[in-house]
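Okay, so here's the structure we're looking at.
Coordinate-derived values only; no laboratory data. None of these values were measured; they are calculated from a predicted model. Here the Cβ positions follow ideal geometry from the backbone for every residue, glycine too, while neighbour counts run over all protein chains shown.
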Amino acid sequence: MTQLLIATHNPGKLAEFRTIMDGLGLQLRRLDDLGITQDVEETGTSFVENAVLKAQVYAQLSGLPTLADDSGLEVAALNGEPGVYSARYAGPNKTDAERNAFLLEKLKGLPFHARMARFVCAIALALPDGSLETVEGYLPGVIEEVPRGTGGFGYDPLFYLLDAGVTLAELPPERKNQLSHRARAAEQARAILARWIAEGKLGQAFTPYLRGGRADASA
């Protein structure tokens, strides 16, 4: 069975991708399964650039086809902020509540119709031979004036879905996972993987580059 590396240490994210990729005949692994401890610095200026950085590095480290993602929030009135800085928008080591409060202060006084936003997820698929494809998924919404709901994480309590009439934090987890930007990007990634399988790209024998979690310069 062909292995696919999901560039994450998070078992929950791995389980989510396993559900989406079910039926492709792939064995999904995460970084911890291969003993990879090396972090990739996210120096890109876009979600796509960061996803590509991670996918390419980990494909070379592991010698496996690799899926990496990067995601965050973009607010139109803030010219796309917080964007790639979503996790550290209010500064380092801040809580979700502190990041939400910081965002609300930035939008103070703006009416509801001027608080349009979207969640973005970029996924990069890389092979050790250099092959690369990327996709993006989007979830549009509006930033609420006060947090609502206790589910989810990050900016979910502020992200109001016009069609659903609730924030992401008020949705059941299974419904959120169906609607999310990550799910929309992952479905596109699944289609690419299915095509690669049909083309025989995932049946190739790749030379492992992994040497104790570090790239071997002699490989």
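The spacing between the range 83-118 and the range 1-66, judged by their C-alpha centroids, is 28 Å. Evaluated at q = 0.11 Å⁻¹, the base-10 log of the normalised Debye intensity for the range 2-215, with identical point scatterers placed on the Cα atoms, takes the values -0.56. Structural descriptor for the chain: relative contact order 21 percent, calculated from alpha carbon pairs under 8 angstrom and at least 6 residues apart.
If R0 equals 30 Å, the separation of the Cβ atoms of R118 and Q27 corresponds to a calculated FRET efficiency of about 0.35. Taken about its Cα centre, the range 52-150 carries a charge dipole of about 320 debye when Lys and Arg each add +1 at the Cβ and Asp and Glu each add -1 at the Cβ. Site pair A194 and A87 shows an inter-label distance of 3.1 nm when each label is modelled 7 Å from Cα along Cα→Cβ. Cross-link partners of K176 among lysines, defined as those whose alpha carbon lies under 23 angstrom from its own and excluding same-chain residues fewer than eight positions apart: K13. Look at the Cα gyration tensor of the range 6-78: its axes a ≥ b ≥ c give a/c of at least 1.5 with a/b at or below b/c, and that counts as oblate. Each Lys or Arg adds one and each Asp or Glu subtracts one; over the other residues with Cβ under 13 Å from the Cβ of F102, this totals +1.
Computed from point charges on the beta carbon alone (+1 for Lys and Arg, -1 for Asp and Glu), the dipole magnitude for the chain about its Cα centre is near 160 Debye. Projected label points at D39 and K94, each 7 Å from Cα along the beta carbon direction, are separated by 1.9 nanometres.
Once the C-beta distance of T19 and L132 is scaled by a Förster radius of 30 Å, the resulting FRET efficiency is 0.75 to the nearest 0.05.
Cβ crowding within 10 Å ranks F159, F153 as F153, F159, fewest other Cβ atoms first.
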